[in-house]
Amino acid sequence: MILQPDHDPMGAAIREYHLTGRADTLHVFTLNHEPEQDTMPLDLLFRTPEKMTDIELTALDLAQGRTLDVGAAAGCHSLALIERGIEVTAIDISPLSVETMRLRGITDARNDDFFQHAGSYDTIIMLMNGIGITGTLDRLPKFFTTIDALLSPGGQVLCDSSDLTEGFRAGLIPDCENDYYGHFRFQMRYRHISGVPFDWLYLDPVNLSRTALQHGFQAEIILTASDQTFLTRITRR
Ligand code: SAH
């Protein structure tokens, strides 16, 4: 699925921030669990390596060979990799983000959906809860068949997620009913531009490892931060 430009709030904010150096508030609404409203700071999406977390910097260090940046948004990781001499293809379903990435000098930025993308890559990076785009736990098998089609022999996926298990056990994520506690549903808005509601997955390492093994992969946990965000390296067994 590709977003329509008139339903691409994050892309509109990204493009405006790039062109003018400022942007209005980008709203993020949580539609399930405890519905709430938050905002996403634009400068975060334009961060340089000096502002990146250890998880991101480690992922950049481990990237090698032909690399695919999935859900690249403003292209902060693609730009850092290009600077290191790595050949990068950046994809995003947001047309306005892709337009901005091209303006920022990422020549191979494509408006494409990861689950429909074709190519062969030594490294796939997906950062800022990159596995989130899988949406729901039921779609995790689809994530593994997709990476299987895209990875070269010996290729790797470097992605991060947040383990919400502790928060769930402490009762901080109410109202899950029969749903997996890491499944969220969000909607974004920028000025008058409303996005389509979308599913977003925060995955715990146990479900990740189990599903990886079932699909002929292994998921090694490289680093865990104090907020339970972790970096995983997924390779074929
Ligand atoms: N990786 C970036 C941005 C993360 S936000 C960073 O760290 O700054 C997630 C991005 O994924 C958004 O730009 C969204 O448009 C994109 N996205 C969501 N689903 C996608 C899919 N199926 N294929 C490619 N990109 C997707």
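The values are calculated or read from the model by the stated rules, or taken from the named source; none is laboratory data. Bear in mind that the values here come from a model prediction, so they are computed numbers and not experimental data. Glycine gets a Cβ as well: all are built from the backbone with ideal geometry, and neighbour counts include every protein chain shown. Protein only, heavy atoms only, side chains kept; ligands, DNA and RNA dropped before computing areas. Shrake-Rupley method; radii C 1.70, N 1.55, O 1.52, S 1.80 Å.
Can you tell me what share of the DSSP beta bridges in segment 66-194 is antiparallel? A percent to the nearest 5 is fine. Percent antiparallel among DSSP bridges in segment 66-194 is about 10.
Of SER97, SER162, the residue with the largest accessible area leads and the full order is SER162, SER97 (1.4 Å probe). Per residue, the accessible area of segment 5-236 comes to 46 Å², computed with a 1.4 Å probe over protein heavy atoms only.
Once the convex hull of the C-alpha atoms of the chain is built, how many Å³ does it hold per residue, rounded to a whole number?
117
Considering only protein heavy atoms and a probe of 1.4 Å, how much of the accessible area of the chain is carbon and sulfur, as a whole percent? All intermediate terms of the calculation are to be shown ahead of the outcome.
Working: 5670 of 11230 Å².
That share works out to 50 percent.
Working note: Karplus 6.51/-1.76/1.60 with θ = phi - 60° gives segment 119-127 the couplings x, 9, 10, 7, 9, 10, 10, 9, 10 Hz, where Gly and Pro are set to x. Here the Debye sum runs over all C-alpha atoms of segment 130-202 as equal scatterers in vacuum, and log10 of I(q)/I(0) at q = 0.18, 0.20, 0.25 Å⁻¹ comes out as -0.85, -0.95, -1.14.
Here each label is just a point 7 Å from Cα along the line to Cβ, and for ASP38 and GLU83 those points are 2.6 nm apart.
Quick one: net charge around ILE55, please, counting Lys, Arg +1 and Asp, Glu -1 for every other residue with C-beta under 12 Å from its C-beta. Could the numbers behind the result be given before it?
Numbers: positive: ARG233; negative: ASP54, GLU56, ASP61, ASP160, ASP227.
Summing Lys/Arg as +1 and Asp/Glu as -1 gives -4.
Beta bridges from DSSP with both residues in segment 5-236: antiparallel share about 65 percent, rounded to the nearest 5.
Taking label positions 7 Å along the Cα-Cβ direction at both PHE186 and ASP148, the computed distance is 2.9 nm, reported to one decimal. For the chain, set up a Gaussian network in which alpha carbons nearer than 10 Å are linked by springs, and say which option among THR145, THR211, THR100 fluctuates the most. Taking springs between Cα atoms under 10 Å, the residue moving most is THR145.
Tell me the trypsin sites (Lys or Arg not before Pro) within segment 118-209 that lie in a loop according to DSSP and have at most 14 other beta-carbon atoms within 10 Å. Could you put the intermediate results ahead of the total?
Values: sites: ARG139, LYS142, ARG169, ARG185, ARG189, ARG191; in loops: ARG191.
When the trypsin sites (Lys or Arg not before Pro) of segment 118-209 are filtered for loop state and at most 14 Cβ neighbours within 10 Å, ARG191 remain.
Max-minus-min Cα coordinates of segment 181-237 on each principal axis give 47, 28, 20 Å, with the largest extent listed first. Comparing mean-square fluctuations of GLN116, GLN64, GLN37 from a GNM of the chain with C-alpha springs under 10 Å, the top value falls on GLN116.
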